[in-house]
Amino acid sequence: MKRIIAALLLLTGIHAFAQDFSTGYFLKGYTYAYRLNPALRPARGFISLPAISNINVNVGGNVGADSFFFPVSGGKVGTFRHPEVSATDFLSGLPERSILAPNINTNIFGLGFKAGQAFHTFDIDVRSLNGISASKGLLQYIKEGAAGGITIPEITVDDQTFAEIAYGVSFPVGERFVLGGRLKALVGGAMLQARVTDVTITENGDYETFRAKGEARVALNELEIGTQTSPSGGATDVIDWEKTDLHKFKGISGLGAAADIGMTFRLTEGIRLSASLSDLGGIRWETPVAAKTSTTDSWEREISDSFDFESMLNKFEFRKSGETATFRMLPMTLRLGAEYALNEKIGFGALATQRTGLFPLTELRGSVNTFLGNFFGLSASAAVSNFGLSWGAAMNIDAHAFDLFLGFDSIPTRFSTQYIPLGHANIAATLGLSITFGKRVAVR
């Protein structure tokens, strides 16, 4: 399993972390706002190419560096396992369920152009939706051991990596409405969904006794699965994760489809309302491994032994189920926006975001937006969400032949003396360059 996770990280690691750039929703001239709401039309035609367009970093979580690093003697910083860091100091700062959720989206190619009253877009992207969460008991066990008994309700790891081919169109309806939509073909590359539940760990002399349930789904084309005889005797079809070979992974592991829909409505000359729903759809994954424990498994290990997650995972008697495919919905995102233009140069915006899925997001973001010299857009934003507070800023330069943008949805405001960002692990940045063409048709 360790190699499975490593391979998935390798597959996704060649791309920049990304997903949504919320500060760009009201940024004047920002080309890629149509990804947030397909009714938000770019100012002119564009072409985006690999490596130079839409490079993003986006990681969300309810824990951060200062949850795991602490000041120790000598002006140094130590991990939570340092003997000078008490269990009380470490555990008191943790939520009951720690979450880290990076979402990845890399643009391979993009094209946008106006034809008549409609604006058309075409995109090829590689996306990966990731998350890991663990109950507080796991970190308590790592810090203190199992003295007195440890309970861990759940540990979850989730990943879906796929290519997205999207066609979008937006068009005005009357003088007040703009409607937009995007249709997406989804080509699955890899999927991992693993969950361990009802974990209890107790000490018995020189040994620790583990009891837990588990289930896993892995979709990797041509994945070779190793098996072993049950450690408890009898069954010979127990999955051996150490013998599971990823070297022959290639090709398509699933197919699916999704859609984005959006609208804008100009209530008055200075007020515009908007709404969108993104990623309505999912992927049917062909699943070479769908397995779970048939009962609550139990095993022992010597406390003096070093902890090896991969060998420990083999203590679970995972057996293949009859499942050959699984359909998984994408996490859907609902956005509601309101914008007030004080004049042609300055305006204010409010954006509410609700994302579903295993690692949901609820966020309210406000922004101040300016547009100077008919080519320079600037936004500053602040947000509150279930992952904490964040501050953002962005700029967009429309130089006629190209469009350059740089922005942050979450800017660290506190650092350690070693320049480590403190606070929750909410990091979001974007940088890109698009080639533009044609006459400016609108300034959002």
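Derivation of every value follows stated rules applied to the coordinates shown; laboratory data play no part. Everything numeric in this text was worked out from a predicted model, so none of it was measured. Neighbour counts are summed over all protein chains in view; Cβ atoms, including those assigned to glycine, are modelled from backbone coordinates with ideal geometry.
Label separation (V173 vs F122): 2.7 nm, computed from points 7 Å beyond Cα along the C-beta direction.
With a Förster radius of 30 Å applied to the C-beta separation of A185 and F437, the computed FRET efficiency comes to 0.70.
With K and R counted +1 and D and E -1, the other residues having a Cβ less than 11 Å from that of F109 yield a net charge of -2. Along the Cα-to-C-beta direction of K143, a point sits 7 Å from the Cα; which residues of region 75-119 have their amide N less than 13 Å from that point? Residues passing the 13 Å test: 79-98. Within the shell of other residues whose beta carbon sits under 11 angstrom from the beta carbon of L378, the net charge comes to +2, with Lys and Arg scored +1 and Asp and Glu -1. Length available on full extension from L404 to A163: 0.36 nm per residue minus the Cα-Cα distance, which gives 84.3 nm. Counting 0.36 nm for each residue step from N374 to F265 and taking away their Cα separation leaves a gain of 36.9 nm. The order of E164, E175, E84, going from fewest to most other C-beta atoms within 10 Å of their C-beta, is E175, E84, E164. Pairs exceeding 23 Å between alpha-carbon atoms, taken from K28/K184; K184/K439; K76/K136; K345/K439: K28/K184; K184/K439; K76/K136. Among W391, W285, the ranking by other beta carbons within 10 Å of each residue's beta carbon, starting with the fewest, stands as W391, W285. Extension gain, T79 to A115: 0.36 nm times the residue separation minus the Cα-Cα distance gives 7.2 nm.
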